[in-house]
Structures are given as C-alpha cells and as structure tokens.
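The values are calculated or read from the model by the stated rules, or taken from the named source; none is laboratory data. Worth saying up front: this structure is predicted, and the values here are computed from it rather than measured. Note that we place each Cβ from the backbone using ideal geometry, even for glycine, and neighbour counts take in every protein chain shown. Surface areas here come from the heavy atoms of the whole protein model, side chains and all, with no ligands, DNA or RNA. Shrake-Rupley method; radii C 1.70, N 1.55, O 1.52, S 1.80 Å.
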Amino acid sequence: MASALVALLLPLAPRAGTAAPAWVERFPYDPDRYVGIGRADKRLHPGDYRDLAQAAALAQISREISVRVQAEEAATRTENGGAPSETYSQRIATMSRNDLAGYRLEDVYETATGFWAFYTLDKEVFRNSLAEKESRIAGWLVRETAALDADLSDRRIQDAADRFARMRKEFETSSPGRLLIGDGFPAGADRLAAASERIRSVVRGAVLAITPSTWTFSMAQTRGHEPRGAIASGGASGAGSAGSASVLLVDGDSRAPWKGPLSLTLADDRSGEAATCLVETDAAGRLDLARPFLDCGLKQGTWEVTWTGPDRRVFHQSVEAAWSRVDLTLDLRADLLPGPGPAPLLAQLKSALESLNSPCYRIVPGTAAQPSLEVRLREFTRDSLDGMYFSSLRADVTVPGLARPVEVRGKAGHADRDRADARAIRDFARGMEGVLLKKE
C-alpha cells in the first residue's frame, strides 16, 4: 500500500510525443505479477483522465484475479447502456483498492488525445495481504461471536440482534477478496452462519407480550411540571405505571422474558400512509407513550407494535390506543390592553378557547381546585390599509405540565373590521391547539 501511495504522489513523467512503448501495443504477460493497463480519453475527461486510467487498470487486474467482477461488469453494462466502461472501472477500483494492496505504477504514456497507465501487482504480495486480512477478520469474528453468546446467556436479546447485524454488515464489506476471489472467505462465512443459527434458535417461538392490552393515555400535571401521562388498562387488570406501558419479548412456552431495551416501531391504522414512530423500552420493558402520541403524531385507534429481530424476522402485536382528555378550567385575563375596551374581544376569545379541539385537554367550567389553562392577553392591535383591516393579538399561555409560559400570536386581515377580529382570534386558537399538543 505504501508503494501505491508513493506512486500516486509521485507519478512517472509521461512520454508525450514519443513512440508508444511495447506494453501499449501488446499486452504483457508476467507469471509472477497481475497486470492492468488503463486508457482514458483526454478530450472527454480533461480534468480526471489520470484517475480514470488508473481506475481502468486496477479494474483489469481485478478481472484477471476473479471471474466474479466479470459477471458484475456484465450486469453493470446492462444497467448503464452504451457507455459503462469508465463508470464501471472507477467503481470497481474504488471498491477494490484495499484488496489490491501492493499494486505499483510501472509506466505511463500519453498523446494529445489519450492517456495510458500501466500497473502491476505482485501475486505473492497479494496472497500474503489477503492471508493477513483473513487472519484479522477471523480473530475479530471469534471475539464477536463470544460476545454475542454472552448477550444471549444474559438474555439481552436486542444487544445480541444488534451485534449480529453489525457483524454481518462488517463481514460483507470487509471480507478479504470479496470482489477478487470467487470463494470469498468460507471459514468466516461459516462462523457467521453458525452465529445466525444460534440467535435464530433462541428466539424461535418467541412472542411480544403487551400489557395492558388497551392503552388509554391522559395528560396530567405532576411534580416538577413535567408532562406525564397515566395509562390505564381497558379491562379489569388495573392501572399501569404513570406514562408507560409494558412491552416484552417472551418465550412462547415458558413465558420467560428477555431483557430490554427493545427497539420498537409503532404504527397506527389510519387509511393511506400510516404514521410510524421509533421508540425504545427500558430494561424492564416499560415504554413511554408520550412520544408516539405527541412527537410522532400517532392517532388513537389500533396500533401495530413491531420488533424486528435477527435476520429481519418480525414480531408484532396489535393494541388499542386512545386519549383520555384532562379537564381544565380557563383563566383568561387582559393586562393593560390599549385601544378599545377588551370586554367584547375577551368574550370572543373565551368562546373560541372553550371550543378548542385538543386531544390532550378539554376546557370546562369548574372550580379552582382543578388545573387551569392560564391565558394572559398582552397585546391587541388594529390597523388599516387601502380599505383592509388588520387585527393582531399576543398572549402568554401557561399549560399544566409545561415548565414556562409560551407566547402565542394570532393575526388576520379582512375588509370588515369585526371579521378581521374574528379571524385573528381563530388564528390564535389554532396556535393554542399546537401548544396543547406540545408543538410550541
């Protein structure tokens, strides 16, 4: 590899205008070295013809070593149509440079329109480099499979599945001679297959166990002003823990649980393209439901809970999910509003807020003992221009469960002053619904 880098940094001086060397006219044969000669058209590629010639030469060395790249070349020609050679050569060279450790630039030749590069690779150096890389990967696979077995023994199924996925990806991209030797790395492939079978066998028959079977989520204010929820069972099994439900992977017969966390995908059953949400349980299988409802926008109804296990095997169950809205009283005040008296405006605003369509909260008449939605109207302005009236209002809103007030604005214009006010209030109410959904 060092020699290759030197060759790249200090290319041979091209012999322009002289007679073509013998290797240009007749492809050389060397029993001890692989040979690759690449040519690039300087008119078509004025900026990178040297790189393209090198890529074509290394691709030719790859073709000499393996029939696999020849098959891939044929497929690439079919995909790319009429002019695939430069694209193919560059891609093969990029993928195989590490496998071709030890290649050397022997000579270059150029004319006014063309550029040729002559590369060689010592066969013994190449074989030694593959053997060294194979030894490193074999040792790595031994360590990783031992760690995978430890994950399974400790019943950490997600860790085992993730480790196996990383092992497979690393092996597929780093296996020595993956493009150059038709047989690849059979010993490593066998070890990977054995690990795959072990992890498949331990989850064979496993199922997702979800409790409770119905999730009813309601927003509530807790200590510290953090938004949390209470999930109650839809049946007679009682209430779940605050803000969470339980999702476990258990053995089908013994019902013994695997340890978390589990990386899950939740999806609702709306028509069309269903919303999805990626979530993770804790070590005990508890799942916080605030995120799928509030951050991912899943709707109430039937949810599909899915865990993708080793070898992309899918485990899933359905659960009914619904909102249970918290009743709030409304505390609406106007602080030093300029202009017209605030009473008519406050009456319209109160009516709009009481009809908010929030899945989290519902505005109801109540007592001071109930949690309240506090709205402090700070500004209301009217303006006019060319026969149009413009209204704007601004308020600080405090919602139970949020640590600090949120500023909400509403504005609109209309040819009628009263309609401009009404539209601005509706715009403000839409902003309020976003706050109540934690979309501030």
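Taking every protein chain into account, the 1.4 Å probe leaves Leu346 with about 40 Å² of accessible area, to the nearest ten. Solvent-accessible surface (1.4 Å probe) assigned to Met388 amounts to roughly 70 Å². If you sort Arg26, Arg313, Arg136 by accessible surface, 1.4 Å probe, largest first, the order is Arg26, Arg136, Arg313. Heavy-atom accessible area for Glu124, with the other protein chains in place and a 1.4 Å probe, reaches approximately 110 Å².
Beyond 28 Å in Cα-Cα separation lie the following of the pairs Lys350/Lys411; Lys133/Lys169; Lys42/Lys133: Lys42/Lys133. When only the Cβ of Lys, Arg, Asp and Glu is charged (+1, +1, -1, -1), the dipole of segment 305-423 relative to its Cα centre reaches about 200 debye. Figure note: Trp307, Trp116 ranked by solvent-accessible area, largest first, 1.4 Å probe, ligands and nucleic acids not counted: Trp116, Trp307.
The order of Asp311, Asp418 by accessible area, most exposed first and with a 1.4 Å probe, is Asp418, Asp311.
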